[in-house]
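Asker: This structure is in structure tokens; I'll ask about it shortly.
The values are calculated or read from the model by the stated rules, or taken from the named source; none is laboratory data. Keep in mind the model is a prediction, meaning the values are calculated, not measured. Positions of Cβ are backbone-derived with ideal geometry, glycine not excepted, and every protein chain shown enters the neighbour counts. Note: areas computed on protein heavy atoms with side chains; ligands, DNA, RNA excluded. Shrake-Rupley method; radii C 1.70, N 1.55, O 1.52, S 1.80 Å.
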Amino acid sequence: MSLKNALFYRKNNNNSMRSDYDIWRNSVKYNDFAVAILNFDQNAQEMSYNNSSNQLSDVHLSELSSVKELNDFLKSSAFRYTLLIPSDCIVSQSILDVYLSIITEHKDIDIIYSDEDIYIEEDSSRRLPFFKPSFSPDTLMSYPYMGRVFLFRTSLIDEVGLFDESLGKEAYYDFLLKCFEEDKNFYHCPQVLFSQKRKKDDLEFFDANENIRICQENSLIRRNIFATMALEPKGYSYIIDYKWDEKPLVSIIIPSKDNYPVLERCINSILDLTSYENYEIVVVDNGSSAENKALYEKLLDANNIQYIYEEKKFNFSHMCNVGVSHAKGEYYLFLNDDIEVIDSMWLLKILSQAMLPHSGAVGAKLLFGDRTTIQHCGVITNVGPTHACWGFNDNIYYYFGRNRYVYNYLAVTGACMCVSKEKYEEVGGYNEDLSICYNDVDLCYKLVEHGYYNTVRNDVKMIHYESVSRGSDYKDEETEQRLLRERALLGELHPQFIHYDPFYNVNLTAEKVDFDLRESQMLYYAHLDLSKVHEVDSFMNIDSVEIGQTIRVRGWIVNKTDLKDSGCTYSVVLKSDKGAIAIKANRQVRTDVMENCSLNVSDVGFVSAFLSSFLTN
């Protein structure tokens with residue numbers, strides 16, 4: 001489902017959306033479904049539907065051994081919908097009930113996809129739940145995040161074409177990309193409805209093989225877009241750099257006041273490290289001292305940079321709008337003066353992404369001054385809104401490449417944000433009633449409400465010496481109250497995004513920023529053989545133990561051999577005479593520990609939740 005339709009249904013979810021709603025609802029039955037089992041491995045011992053629902057005995061089942069057989073089946077099919085299941089996946093017993101319920105609610109859905117996990121064949125355990133975002137076109141171009149089990153309207157083959165037989169097992173990805181290109185309606189169901197069957201030593205969901213690259217390349221060709229593709233370091237995704245014949249003027253708008261050394265560093269880094277040449281810089285100053293104003297003028301005049309001086313109370317939104325009023329560019333790139341450029345391709349990559357027709361605001365990954373700790377890789381609404389992965393070590397790959405791949409987000413930070421002049425004007429620009437906080441989030445929300453997709457290019461890294469200009473939002477009671485007022489105004493302006501983020505799954509935590517699971521999803525445990533556990537040189541502390549129906553243990557641990565940098569996981573071990581159980585612990589940011597122990601990373605905290613009944617079993 002398109003983003004605008006998804007938001008419409010959220011605001012207007014009632015049975016009077018269309019006059020023929022009840023007729024449609026009563027017309028969809030199980031016999032409208034066909035299930036296509038793709039069994040490329042003729043030696044497979046166990047088929048998906050053997051472990052699935054008895055519902056599947058009520059629908060048409062076809063076991064197909066090639067993409068050609070799938071196409072032949074679809075061409076002759078009289079079934080309204082087809083559920084595609086590879087033979088190495090196991091589907092939930094409720095999958096058809098869930099999909100039928102969704103279809104009866106929304107008659108214009110073309111494709112439904114769901115969350116998934118991994119089923120370990122050796123011990124019949126389920127691991128690594130992948131809770132996905134709603135339809136995200138740039139994420140889809142980054143890697144096939146929707147998965148290989150999905151329901152689609154069978155007549156789509158007449159509109160987008162058949163599955164490409166030359167692509168083998170990856171033909172499903174090409175089909176999904178063609179549906180995106182034809183603006184078909186995708187619907188995401190936030191439930192784990194299928195599992196990939198794997199061995200213990202094979203826990204990766206995806207790999208960027210040659211056919212995946214061909215799928216992406218074919219999509220670019222069909223859209224008449226030229227691009228270069230590079231494999232990201234871990235090899236799970238191709239990073240796409242779009243290339244356009246047009247070289248539009250970009251206006252880099254920088255608000256700044258009494259911050260000369262910081263602004264000088266920012267300006268020099270742009271001038272020294274920007275390979276894209278067609279840009280201008282506009283600096284907006286709301287009242288620097290005479291001494292600093294003279295320094296600004298000398299620096300900016302020497303580099304032919306436009307300088308707008310206006311003595312006025314600090315209002316970030318107003319300063320940005322003033323910059324826009326003096327800008328000549330077809331694209332605006334808003335940049336904080338405490339940003340340092342470290343990548344010569346930064347502007348070209350961000351601009352080329354912003355030039356896509358569906359793009360709204362485009363941002364970059366921002367790191368703190370240590371060049372290791374993440375300050376921003378997207379904005380999520382679960383806490384705040386706030387920055388995804390804030391305070392975490394960028395050397396670790398977080399939840400399905402959230403700090404590595406190109407991802408769509410509900411918002412990106414205004415510290416580095418690019419948007420076209422046309423789209424900026426379409427949504428009314430920065431809201432000056434949000435003078436300091438959440439004005440960038442408001443702008444991004446408006447772009448989403450107009451049907452555009454905001455994006456973070458995680459392959460573009462910049463240094464952000466955060467809040468050097470205006471300080472912390474929590475430094476005193478007045479600034480904290482201002483923050484709360486502007487957060488409340490943001491909610492009044494965009495009530496549909498209160499506790500709702502289409503790009504952040506409802507099964508993920510509402511308390512932290514690292515895409516961990518909600519506590520209701522945390523109660524995963526495994527029996528532990530203590531004879532195989534080896535102690536490591538570390539020091540730790542248990543800060544609190546909260547006892548109730550659910551017991552929560554909070555603390556921190558620092559490993560002297562620095563294993564915290566390698567993506568290791570934490571567990572809390574419960575031991576008795578009967579044995580031991582390891583219960584998953586979620587990592588947390590602990591800046592206090594980082595500072596007190598002089599660490600270079602902050603994600604050394606943990607919290608573990610388990611049922612109190614474990615203590616009596």
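Asker: For a 20 Å ceiling on Cα separation, which of these pairs sit above it: Lys247/Lys328; Lys132/Lys199; Lys68/Lys169; Lys200/Lys532?
Answerer: Values: Lys247/Lys328 14 Å; Lys132/Lys199 23 Å; Lys68/Lys169 11 Å; Lys200/Lys532 17 Å.
Over 20 Å Cα-Cα: Lys132/Lys199.
Asker: For region 330-447, with every protein chain kept in place, what is the accessible area per residue (1.4 Å probe, Å²)? It would help to have the intermediate numbers written out before the result.
Answerer: Numbers: 2680 Å² over 118 residues.
Roughly 23 Å² per residue, with all protein chains present.
Asker: Which of the aspartates and glutamates could a cross-linker bridge to Lys197, judged by Cα under 20 Å and excluding same-chain residues fewer than eight apart?
Answerer: Qualifying aspartates and glutamates at Cα under 20 Å: Asp41, Glu46, Glu63, Asp88, Asp115, Glu116, Asp117, Glu121, Glu122, Asp123, Glu170, Asp207.
Asker: Of the listed pairs Lys178/Lys243; Lys293/Lys461; Lys293/Lys313; Lys257/Lys512; Lys75/Lys243, which have alpha-carbon separations greater than 27 Å here?
Answerer: Numbers: Lys178/Lys243 21 Å; Lys293/Lys461 30 Å; Lys293/Lys313 16 Å; Lys257/Lys512 33 Å; Lys75/Lys243 37 Å.
In this structure, Lys293/Lys461; Lys257/Lys512; Lys75/Lys243 exceed 27 Å between Cα atoms.
Asker: Hey, another quick one. Order 313-323, 120-130, 249-259 from most to least packed using the mean count of other Cβ atoms within 10 Å. Mind showing how you got there, number by number?
Answerer: Numbers: 313-323: 19.8, 120-130: 13.4, 249-259: 22.5.
Top of the packing list down: 249-259, 313-323, 120-130.
Asker: Sorting check: for 480-489, 416-425, which peptide has the highest mean count of neighbouring beta carbons within 10 Å, and how do the rest follow?
Answerer: On the way: 480-489: 14.2, 416-425: 20.8.
My ranking of the peptides, most packed first, is 416-425, 480-489.
Asker: Find how much the distance from Phe40 to Asp158 grows on full extension, using 0.36 nm per residue of separation minus their present alpha carbon separation; answer in nm with one decimal.
Answerer: Working: separation 118, 0.36 × 118 = 42.48 nm, distance 2.46 nm.
So the extension gain works out to 40.0 nm.
Asker: So between Asp123 and Arg487, what do we pick up on full extension, going 0.36 nm a residue minus the alpha carbon distance? Mind showing how you got there, number by number?
Answerer: Values: separation 364, 0.36 × 364 = 131.04 nm, distance 4.76 nm.
Taking 0.36 nm per residue and subtracting the Cα distance, the gain is 126.3 nm.
Asker: Separate question: Taking the Cα centre of region 283-369 as origin and charging only Cβ (+1 Lys, Arg; -1 Asp, Glu), how large is the dipole, in debye to the nearest 20?
Answerer: Numbers: 7 positive and 11 negative charges, 54 e Å.
My answer is approximately 260 debye.
Asker: Any chance you could check the Cα centroid distance between region 104-121 and region 278-321 for me, in angstrom?
Answerer: If we compute the Cα centre of each part, the gap is 51 Å.
Asker: Which distance in nm do the two modelled labels at His499 and Glu449 give, with both placed 7 Å along the Cα-to-Cβ direction?
Answerer: 2.1 nm
Asker: So, one more: Would you please give the residues with an amide H less than 5 Å from that of Lys365, counting only those at least 5 places away or on a separate chain, with H modeled from the backbone geometry?
Answerer: The answer is Arg457, Val460, Met462.
Asker: Can you spot the aspartates and glutamates whose alpha carbon is less than 13 Å from Lys298's alpha carbon? Ignore those fewer than 8 places along the same chain.
Answerer: Candidates past the 8-residue exclusion: Glu264.
Asker: Based on the mean of other Cβ atoms within 10 Å per residue, sort peptides 287-297, 427-437 so the most packed one is first.
Answerer: Numbers: 287-297: 14.9, 427-437: 18.3.
Averaged packing, sorted descending, gives the order 427-437, 287-297.
Asker: Evaluate E = 1/(1 + (r/R0)^6) for Ser101 and Glu291, where r is the Cβ-Cβ distance and R0 equals 60 Å; express this FRET efficiency to the nearest 0.05.
Answerer: Working: r = 67 Å, r/R0 = 1.12.
The computed FRET efficiency comes out at 0.35.
Asker: Between Asp245 and Arg518, what FRET efficiency comes out of the Förster formula 1/(1 + (r/R0)^6) with R0 = 45 Å and r the beta carbon distance, rounded to 0.05?
Answerer: On the way: r = 47 Å, r/R0 = 1.04.
Working from the Cβ atoms, E equals 0.45.
Asker: For region 364-449, give the percent of accessible area contributed by carbon and sulfur heavy atoms, probe 1.4 Å, rounded to a whole number.
Answerer: Numbers: 910 of 2050 Å².
Using a 1.4 Å probe with all protein chains present, region 364-449 comes out at 44 percent carbon and sulfur.
Asker: Within region 269-288, which residues have the backbone N less than 13 Å from the label spot 7 Å out from Glu311 along Cα→beta-carbon, could you tell me?
Answerer: Counting only backbone N, you get 286-288.
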